[in-house]
Amino acid sequence: MISVFRDLIRYNIEFTIGLVLVGLVVAFAALSFISPVDPSLIYLAVPDQPPSAQHWFGTNSRGQDLFWQLSAAFRNSLIFGLTVAVLSRIISITVGLAAGYLGGWVDRVLMFINDIFVSVPIFPILVLFYFVLRSDLDTFTLALIMACLGWPFDARLIRSVARGLKHREFTRHAVFAGMSTRKVLLEEHLPYVMPIVFATFMNNMLWSMALEVTLAVLGFTNLNHPTMGTVLYWSNQHSAIVVGVWWWVVIPVVLIVITFLGLFLLAMSMNEYIDPRSRLRRMGV
Amino acid sequence: MRAYLLFAGKRFLQLLAVIFCGISATFLVTHLSPIDPVEQVLGRLSARSNLSPDAIAATRAALTELYGTNQPILQQYFNFWARLLRGDLGPSLLAFPTPSMDLVARALPWTLGLLATSTLFTFIVGNLMGALAGYRPDNPFFRAFGLLSIAIQPIPYYVVAFILLIIFGYYLPILPTNGGFGMDVRPGWTPQFIVSLLQHAILPAASLVLVGFGGWFLGMRALVSNIINDDYVTYAELAGVDRRTVVGSYVIRNAMLPQLTALAMTLGGVFSGTIITEEVFNYPGMGSLLIDAVNYGDYSLVLAVATVSITAVAGAIFIVDLLYPLLDPRIRAE
Amino acid sequence: MTRDILKVDGLKAYYQMNYFGVNREVRAVDDITMTVRRGEVYGIAGESSSGKTSFIKVLAAAVRPPLRVVDGSVRFGFSTGPIDVVRASPRELEAIRWMSLSYVMQGSMSVLNPVRRIGKTFRDFAQRPLGLSGRAFEERVVEHLARLKLPADVLRAYPHELSGGMRQRVTIGLATVCHPEFIIADEPTTALDVVVQKEVLSLIREIQREMDSSVVFVTHDMSVHANIADRVGIIYAGRLVEEGPTRQMFFAPKHPYTAHLVASLPRIGDTTQRPALDGRPPNLADPPRGCRFHPRCPLAIDKCREQSPPLETVAADHRTACWRWREVTPLVGAISPVGVPA
């Protein structure tokens, strides 16, 4: 495991860059645990101060130190992304394995439900949820909703892998030997499925964080819970660029781009490593 | 031919079922709310102006009848479907008394136009370039493209649009960033209008293209890198089949199939991205409409946008699904 | 015109790879010299990972990184003129491809483009070399297919609509429609059942005789060589270890490896246990010193472990690379193996 890691760092430049970027962001977010200020309070500092020795990222129009604000925001966003990814993995693995392995009407029903979810454009639905729930929509509920909306793509992938596995020799041996379905799924098939799960985990994180940013910027989330998006929301509300408080817009945007880019590079390089064909292609160069 | 019609028929039934379930789910969601829409609207109205208690009572009665909240839920469900099929979801509050559906009908062409042109462009150009990049992996031009795609692709639609807005709205104001056409231009099929139309569409379309291009480019490049090692491609090259035929009819033709499936799967996301981008540039499509509706608390308009969105996306996926057997003869046989 | 249509001289082709900073050089073809005569069927036998597939790739001018020709030449004497495929330019290669030199690949399942009709595939491959078009081209193709007992409407079909056997015949037809002077057949009968195998073999033989082409036929199955080859060359660990007329190879092999390959064929009535060879084929990235077969050879002596035996002529048209070739005895009696015409 460690040797894989070492190889990736040494020879796959995308992985290295991705790791560095994500590492930076995670470290930055982790700092929020030792934050000297409470990020939910406003008008603690002098507003609209440009970056200086006292306030590394300056302050915003709401009188908050931008550094600590962003640190907390990124922490919350990352946790959000992780939560959604974990929850939706659970759903997609269950559905995918069940549909792929059990087949028959179970498969048909599950795939029909899957098709419905794929056909529904997610953004309007999330907006609808906000519209209905308003202030009842706290971050965890949103995570839950997104997890329930984000499993279809990956479930299909897992299902096709499971379908292939079902007809392989070792499955028949296991069944013949009397293993229960649940045991077969958990002990024999899950290891094959894990690489896909891992790859889709990162993609899912990217997707959910992107949606969260979008919703927050429009003001459709719990605004008291600072996240990447809410920071932009407030900067828009206070017309930051026009007023001249450019650091309130530029710094968050730069950090957002770094986060997404880093996660994407990690996901991409790990995907490439896991797929034996692409790994072999690197060999031939 | 008969098999294809059978397939199309089955798929159409599936489309109807999907739309039915999707819209029913939407209905369910709206009834999750602990908040009564009538009270919500009333709250908003009375916050904006002073209403006498009589007026409030009368409005409440009218709204209750409009939203049918005094009836059992099953009855509400039937009413909902009855009105939906009639194409009437009630008047919007944003632009009272214009019916919500009318507003949606006015906004839909803008969204579809933007969506269709940018998706077509990114799909075709992205896939073509991805295929060429996969075929010639050492070409520096394509490698640069690849890096650029990697850099931009993960960024959310909103952020890309936002960055473009800042650059072109504030620092380099050479392109219009607001609306669907110039305020001083009268709508109509005049060249002036069309030019203004195109000008205003550039930034939103560019934003969508930037985000979408990378996905197709990288995906196709990966697919093609695998396909060129497939037996039938190696054999054709060995036999000296001319390069253009190999790339076109052997490689791309086969790589298109999974990409078409991918298109169907991502149309929902692309639609979401379109309406998000519209909001940033104030483009008069469903995106701006939806956001305004939410901020205004306009229940019937939000419902209208949601139902039309579901129908539109499901319909688009249906069309893509119909194309697939036409391109893959192996499926045609089933 | 000389007797030889192909002359391979000192050919060396290696796989050179750089994987995560580690350099690996796999010597797939390590100094092979041989010739093929006009109108003959030359069989190449060897285990998997013996280097025979890489050798074939060089002959077919299908060398792609990480495979690289490091030394030697591969000279064809076609009626259009001599050509060394190792040094030829892409334009020169294009002139001979399919017209003079064609290739039957392993696996009829996947060599045909699944989304293209057979007729179009034929046009892609053969129209340019034949220089015909439209009606004339179609007639030529239909006539050729008839020889393979394929109906004309096969041209309108897609590959998945044909049976495995038909697909195999289509592939052979595709490779032979231009009447090439030299055909390379790479395991065309592996993974086919014996009935279809017999059909395919007789087809190839028939076409070869009719067109007077030369065929290099690669397979690990010795019984196929017994059936179709005029001469057989055995490749082991990237080197040619024995070469001679088929009958000689079977009844009087002069290399211990050949003796074992022949002995492994089953015979009706003979129930003696077959001795298996110890060990596995050598790692071509790090082959053993001296004779590459010595770790597994029952006749190995010290000399074998230190010095690599050269390929030398030991009888009429018969070469071998073994220090102790005089002591090699066939491991079977004079009963002819099943399938060999006595």
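Quick rundown of the values:
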quantity	calculated
Helix B:286-296 vs. chain B, principal-axis angle (Cα, 0 to 90°, nearest 10)	30
Two-decimal Rg/Rh across the stretch C:163-202, once Rg and the Kirkwood Rh are taken from alpha-carbon atoms	0.96
Largest to smallest principal axis extent of the C-alpha atoms in chain A, angstrom	73, 50, 31
Computed over the stretch B:142-204, Cα set: Rg, Dmax in Å	15.2, 46
Förster radius 41 Å - calculated FRET efficiency between A:I79 and B:A57, Cβ distance, rounded to 0.05	0.30
Cross-link pairs beyond the 30 Å C-alpha cut-off, checked among B:K10/C:K120; C:K12/C:K254; A:K166/C:K57; C:K57/C:K254; C:K52/C:K254; A:K166/C:K52	B:K10/C:K120; A:K166/C:K57; A:K166/C:K52
Vicinal HN-Hα couplings computed from phi for the stretch C:309-314 (Karplus, 6.51 cos²θ - 1.76 cosθ + 1.60; Hz; Gly/Pro x)	x, x, 7, 10, 6, 10
Dimensions (Å) - the stretch C:15-86, Cα atoms, principal axes, largest first	47, 27, 17
Cα-based convex hull, the stretch C:107-210, per residue volume (Å³, whole number)	96
Cβ-based exposure ranking for A:T141, A:T230, in which fewest neighbours within 10 Å come first	A:T141, A:T230
Projected area, mean over directions - the stretch B:246-298, Cα convex hull, nm²	5.0
Solution diffusion estimate, µm²/s, Stokes-Einstein, the stretch B:83-242, Kirkwood Rh from C-alpha pairs, 20 °C, viscosity 1.002 mPa s	112
Exercise: per-residue mean of other protein chain Cβ atoms within 10 Å, A:129-141	4
Spacing of the two label points (7 Å from each Cα toward its C-beta) at A:S239 and A:V254, in nm	2.6
Global geometry of the stretch C:28-142, whether rounded, prolate or oblate, following the gyration tensor of its Cα atoms and the 1.5 cut on a/c	prolate
Modelled label reach - B:I202, point 7 Å along Cα→Cβ, the stretch B:107-140 residues with backbone N closer than 19 Å	B:114-115, B:117-119, B:121-122
Residues C:E161 and C:R38, FRET efficiency given R0 of 45 Å [Cβ-Cβ distance, rounded to 0.05]	0.70
Peptide-level mean, for A:202-212, of C-beta atoms on other protein chains within 10 Å	2
Cα convex hull volume per residue for the protein assembly as shown (Å³)	230
Percent of C-alpha pairs per 10 Å bin, the stretch B:161-284, short to long	12, 29, 22, 19, 14, 5, 0
Residue-by-residue Karplus 3J(HN,Hα) for the stretch C:125-140, coefficients 6.51, -1.76, 1.60, Hz, glycine and proline x	7, 10, 5, 5, x, 6, x, 9, 8, x, 4, 4, 5, 4, 4, 4
Exercise: per-residue mean of other protein chain Cβ atoms within 10 Å, B:264-274	5
Alpha carbon convex hull of chain C, volume per residue in cubic angstrom	157
Helix-only CD estimate at 222 nm, as mean residue ellipticity for chain A, using -39500 (n - 2.57) per DSSP H run (n ≥ 4)	-24000 deg cm²/dmol
Share of alpha-carbon pairs per 10 Å distance bin for the stretch A:85-167, given as whole %	19, 42, 26, 11, 2
Dipole of the protein assembly as shown, positive end: most advanced residue of A:N236, B:S49, C:S214 [Cβ charges, Cα centre]	C:S214
Table column - 3J(HN,Hα) (Hz), the stretch C:84-99, Karplus curve with 6.51, -1.76, 1.60, x for Gly and Pro	9, 5, 6, 9, 6, 7, x, 5, 5, 5, 4, 5, 9, 4, 6, 7
Estimated translational D of the stretch C:176-329 in µm²/s (Stokes, Kirkwood radius over Cα pairs; 25 °C; 0.890 mPa s)	143
Amide proton proximity set for C:C322, modelled H, under 5 Å, gap of 5+	C:E312
Cα Rg, Dmax (largest Cα-Cα span) when computed across the stretch B:82-178, Å	20.5, 62
Sum of -39500 (n - 2.57) over DSSP H runs of 4+, divided by residues of chain B (222 nm, nearest 500)	-25500 deg cm²/dmol
Value of Rg/Rh across the stretch C:209-251 [Cα atoms, Kirkwood radius]	0.98
Mean Cβ count within 10 Å, highest first, over the residues of peptides A:123-136, C:169-182	C:169-182, A:123-136
Most mobile of A:A216, A:A99, A:A45 in a GNM of chain A (Cα contacts under 10 Å)	A:A45
Reciprocal of mean inverse Cα separation for the stretch A:79-235 (Kirkwood radius, Å)	16.9
Alpha-carbon Debye profile of chain B, log10 I(q)/I(0) at 0.10, 0.14, 0.16 Å⁻¹	-0.76, -1.20, -1.35
Using a Förster distance of 60 Å, the FRET efficiency for A:T94-C:D270 (Cβ separation, nearest 0.05)	0.55
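Here, each number is a calculation from the coordinates, and none is a lab measurement. Just so it is clear, the structure is predicted and the values come from calculations on it, not from any experiment. Using ideal geometry, Cβ is built from the backbone for each residue, glycine included, and neighbour counts are taken over all protein chains shown.
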